[in-house]
Amino acid sequence: MQKLKRLLVLLLVIVTPFLLVACKSAKSPSSQTDKKVTINFFNQKPEITSQYQKLIKIYQKKHPNVSIQLTTSGQGGGAAALQSKFSSGEAPDIIMLGGLPEIDRYKDHLLTLKNMSAVKNTLPRLISGGMTENHRLVGVPVDLEAYGWVINKDVFRKAGVDPDSIKNYAEFVQAVKKIDAQKDELGLQGVFGFNGADTNSITSMSAQFTSDYYQNDQVKAFDSKKFPWEKEQRMKQYLHLVKQYSVKPILSVKYDESIQDLFYNGEVAMIPQGNWVIPTLDGLQDNWTKDNMGMLPYFTKDDGTDELLTGSSWYLGISNDNPSHQKIAKDFINWMYSSKEAQDVIINEMRFVPATKNFNTDRLPDDVSKEIYQVGTSKNAITPVHKQYPNGFANEVIGPMVQRYLVGKTSWDNLKKVVSNQYKQLKEVQSGQ
Amino acid sequence: MLKKHQYYGFILPAVAFIIGIIIIPFISGIIDSFTNSNGISRQFIGLKNYQLLFQDYNFLQSFWLTFKFSVVSVVLINLVGLVFALIVTHKDNWFNNTLKTIFFIPNLVGGVLLGFIWQFIFTNAFKALSVNLGQNWLNGWLSDETTGFWGLVILFTWQMSGYIMLVYISFLNAIPKNSLEASLLDGASELQTFFNVKLPQLAPAFTISLFLTLANSFKLYEQNLALTNGGPYRSTEMISMYIYNTAFVNFQQGYAQATGIILFVVVALASFIQLYFSRKGERS
């Protein structure tokens with residue numbers, strides 16, 4: 001026994017120096033690159049991490065003395081992670097910001113971006129989404145996202161419904177009913193795969209009925225102390241439609257399930273999402289979306305001008321905490337928005353629709369993206385406002401209230417009352433009044 | 001004997017960590033609870049947070065839910081834990097020893113993972129059962145208020161019972177063999193032995209187990225997050241989750257701190273009361 005112990009100790013003594021050396025050698029390269037400037041990039045979209053890495057690699061090859069460190073945190077934890085970065089004094093240089101409430105929180109740390117070339121190219125309609133309350137521009141939109149119904153064209157074809165012919169709410173309801181009547185032959189679980197478990201999808205759906213009111217002025221939407229009910233009748237109608245024709249139990253359908261199981265396998269005709277589902281679907285089968293995926297807008301005006309809502313959920317900002325890094329941060333963002341090779345990665349691999357003016361649509365890889373760019377640049381285009389709702393409104397107020405309504409646990413009047421009150425209350429508390 | 005400087009040398013690192021990690025944040029938390037902090041900037045607003053708290057429907061609801069949950073879980077966990085302990089101490093053979101391990105395993109799995117496992121069971125496995133057996137009540141457990149609550153209780157009981165079982169086992173094994181043999185000679189049945197001989201000697205075990213389960217169920221967070229994330233419609237949002245969401249989703253950190261202080265006071269009070277009565281029970 002005693003011998004064994006001694007042997008063990010001896011072994012440790014022999015091994016330890018090697019371990020220490022191994023640790024040291026692993027670290028040493030970084031000390032040699034001290035002359036390099038290291039920029040920190042905080043990303044809140046985990047699904048595009050590898051593509052950002054690729055962009056960074058390309059950029060670093062051109063600028064050997066720059067190193068860009070990508071930090072990714074998302075899935076609901078991003079905002080909290082960003083805050084902890086700031087409060088620990090390690091503010092990232094390039095920050096992905098989600099909406100004006102987040103911009104407002106860090107406004108004292110954000111650089112004015114007015115003269116950047118990336119900004120000059122931004123679609124004018126999207127600029128107000130990157131501004132502080134007193135209209136100081138601090139953010140560049142990441143991409144152009146479309147909000148509406150993502151439809152399975154194959155199911156529509158088999159049901160004999162032409163999605164392009166649907167021009168108003170009545171026709172939409174008719175199409176839904178027609179598909180529903182053939183549910184069993186088509187092997188559908190429901191017409192809609194509404195992911196009632198996710199408060200985020202409910203919130204972005206609500207934007208279909210609130211965005212018109214603000215006429216693309218995101219700062220106005222952010223300042224507002226009331227929730228606009230102008231289109232409540234239509235909102236109610238859509239919710240009833242979803243309640244009746246969606247997969248049940250409606251509150252147990254989750255985001256991933258609705259896309260990868262229900263929608264991809266043709267068990268539902270529509271899901272309440274946007275073009276961000278393209279990479280997931282094409283990841284399951286190459287070019288799946290090309291023939292199978294289309295989009296339909298919500299019909300809220302019924303005058304033939306109803307279109308998909310298009311806007312950017314995320315904006316890139318630059319922090320002013322580290323003045324020596326600002327120039328490189330700006331250069332990197334300008335490069336991402338103007339150079340052809342960066343754009344190619346963005347449109348072909350991230351499958352983003354660029355939020356910039358005068359983009360040649362022929363370069364976009366699929367029809368849905370082309371359509372979105374067209375809608376997004378038309379003069380009637382409307383930006384969704386759900387990112388400007390007060391902090392917590394999505395997950396704690398409108399999401400849960402609509403969920404209650406969908407399962408009949410609250411009346412419409414009560415929903416309206418609670419949503420209005422809480423909107424006002426959250427807004428007041430958060431603006432420090 | 002330790003010299004005085006050696007004595008301080010030993011406790012100093014621990015004390016430094018306790019001050020740095022517990023005491024200082026605790027005090028700064030109390031200070032924050034009087035401000036409208038959003039994590040970046042703060043202003044002193046006095047007792048307003050506390051005032052608002054007692055009118056906040058969501059706070060009161062999640063507090064009441066946590067209370068209900070704690071009562072149900074404490075009873076169930078101790079009951080199940082005790083039954084487990086009695087089963088595995090009944091006879092000392094390989095079968096019971098294997099059982100002991102099996103009962104304890106859930107406790108080795110982390111809370112988040114457990115949450116996801118049970119989420120799969122409640123949604124997918126239950127759904128498959130309901131489709132194949134035609135039992136509709138098995139469908140959509142996590143999308144309903146009541147079954148969502150019981151889902152949490154089941155998960156937590158499943159996780160904690162094995163741990164509490166260990167406490168009971170150690171106390172059951174400490175009961176002198178001769179008193180058990182004496183009761184056997186006197187012709188006591190199994191049940192009589194349990195109620196009249198074993199149970200009274202388990203009083204200190206109850207004190208420990210009740211304290212552990214009570215404190216743990218009041219603090220429950222990660223199981224809640226992974227299993228239901230408060231859903232459906234915030235009906236299973238317990239107090240810890242309410243605090244986290246207020247602080248890191250709403251960014252009302254002053255308000256969240258005030259809630260945290262209230263939780264602290266309540267848990268401390270409940271634990272003291274429970275300890276007081278349990279100790280009293282032990283003595284008599």
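No value in this document is a laboratory result; all are computed from the given coordinates. Keep in mind that what you see is a predicted model, and the values were worked out from it rather than measured. Please note: Cβ atoms are built from the backbone with ideal geometry, for glycine as well, and neighbour counts cover all protein chains shown.
Put simply, the amide H of A:Leu316, placed in the peptide plane, has neighbours under 5 Å in A:Leu97, A:Val140, A:Val142, leaving out anything fewer than 5 places away on its chain.
Helices that extend 27 Å or more along their long axis by alpha-carbon positions and average at least 0.0 on the Kyte-Doolittle scale are, among the DSSP H runs of chain B, B:57-90, B:145-174, B:253-283.
When the Cα centres of the stretch B:175-237 and the stretch B:12-63 are compared, how far apart do they sit, in Å? The distance from the Cα centre of the stretch B:175-237 to that of the stretch B:12-63 comes to 33 Å.
Computed 3J(HN,Hα) for the stretch A:245-260, one whole-Hz value per residue from the Karplus formula 6.51 cos²θ - 1.76 cosθ + 1.60 where θ = phi - 60°, is 10, 9, 4, 10, x, 4, 7, 9, 7, 9, 3, 4, 4, 5, 8, 7, glycine and proline marked x. Database remark: amide H of A:Met131 closer than 5 angstrom to the amide H of A:Val138 (H placed geometrically; neighbours at sequence offset of 5 or more, or on other chains; Pro and chain starts carry no H). Summary of the geometry: the stretch B:80-97 and the stretch A:155-180, compared by the centres of their Cα atoms, lie 63 Å apart. Measuring r between the beta carbons of A:Lys114 and A:Lys327 and using R0 = 22 Å, the FRET efficiency lands at 0.90. Angle, helix A:49-62 long axis vs. longest principal axis of chain A, Cα atoms, 0 to 90°, nearest 10? The answer is roughly 50 degrees. Fewest neighbouring Cβ atoms within 10 Å first, the residues B:Ile154, A:Ile333, A:Ile179 line up as B:Ile154, A:Ile333, A:Ile179. Within chain A, the longest segment free of exposed loop sites, counting GluC sites (Glu not before Pro) that fall outside DSSP classes H, G, I, E and B and have at most 14 other Cβ atoms within 10 Å, spans A:231-433.
Summarised in one figure, the compactness ratio Rg/Rh of the stretch B:146-264, Cα atoms and Kirkwood Rh, is 1.20.
Using θ = phi - 60° in the Karplus curve 6.51 cos²θ - 1.76 cosθ + 1.60, the 3J(HN,Hα) couplings for the stretch A:35-44 round to 5, 5, 8, 10, 9, 9, 10, 9, 10, 10 Hz; x is entered for Gly and Pro. Give me the angle, in degrees from 0 to 90, between the Cα long axis of helix A:169-181 and the longest principal axis of the Cα atoms of chain A, rounded to the nearest 10. Value to nearest ten degrees: 90. Taking only the alpha-carbon positions of the protein assembly as shown and ignoring solvent, what does the Debye formula give for the base-10 log of I(q)/I(0) at q = 0.05, 0.08, 0.10 Å⁻¹? Rounded to two decimals, the profile gives -0.32, -0.79, -1.13.
Taking amide hydrogens as placed 1.01 Å from N in the peptide plane, the amide H of A:Asn40 sits under 5 Å from those of A:Gln69, A:Asp93, A:Ile94, each at least 5 positions away in sequence or on another chain. Its DSSP H runs of at least 4 residues, each contributing -39,500 (n - 2.57), put the calculated 222 nm mean residue ellipticity of chain B at -23500 deg cm²/dmol, to the nearest 500. Neighbour counts of C-beta atoms inside 10 Å place A:Leu308, B:Leu99, B:Leu65 in the sequence B:Leu99, B:Leu65, A:Leu308, starting with the fewest. In order along the stretch B:43-52, phi translates into HN-Hα couplings of 9, 6, 10, x, 8, 4, 4, 5, 4, 5 Hz, rounded to whole numbers, per the Karplus curve 6.51 cos²θ - 1.76 cosθ + 1.60 with θ = phi - 60° and x for Gly and Pro. Distance between the pseudo-spin-label points of A:Glu230 and A:Lys340 (7 Å out from Cα toward the beta carbon): 4.4 nm.
Provide the convex hull volume over Cα atoms per residue for the stretch B:190-243, in Å³.
Spread over its residues, the Cα hull of the stretch B:190-243 gives 109 Å³ apiece.
Comparing B:Gly111, B:Gly148, B:Gly187 in a Gaussian network model of chain B, where Cα atoms under 10 Å apart are tied by springs, the biggest mean-square fluctuation is seen for B:Gly187.
Working note: 222 nm ellipticity from helices only, DSSP H runs with n ≥ 4, each -39,500 (n - 2.57), summed and divided by the residues of chain A, gives -13500 deg cm²/dmol to the nearest 500. Taking every C-alpha pair closer than 8 Å and separated by at least 6 residues, the mean separation divided by the residue count of the stretch B:132-284 gives a relative contact order of 26 percent. Using only alpha carbons, the stretch B:1-110 has a radius of gyration to Kirkwood radius ratio (Rg to Rh) of 1.20.
For the cross-link pairs A:Lys54/A:Lys340; A:Lys248/A:Lys409; A:Lys107/A:Lys226; A:Lys120/A:Lys327; A:Lys45/B:Lys219, the ones whose C-alpha atoms lie over 19 Å apart are A:Lys107/A:Lys226; A:Lys45/B:Lys219. Cβ crowding within 10 Å, taken as a proxy for footprinting-reagent exposure, orders B:His90, A:His386, A:His135 from fewest neighbours to most as A:His135, B:His90, A:His386. Here the contact order of chain A, divided by its residue count and restricted to Cα pairs under 8 Å and six or more residues apart, works out to 23 percent.
Could you list the square roots of 5 times each eigenvalue of the Cα gyration tensor of the stretch B:24-283, that is, the equivalent ellipsoid semi-axes, sorted largest first and rounded to whole Å?
Sorted largest first and rounded, they come to 39, 26, 14 Å.
Stretched out straight at 0.36 nm per residue, the stretch from B:Ser170 to B:Val15 would grow longer than its current Cα-Cα span by 52.7 nm.
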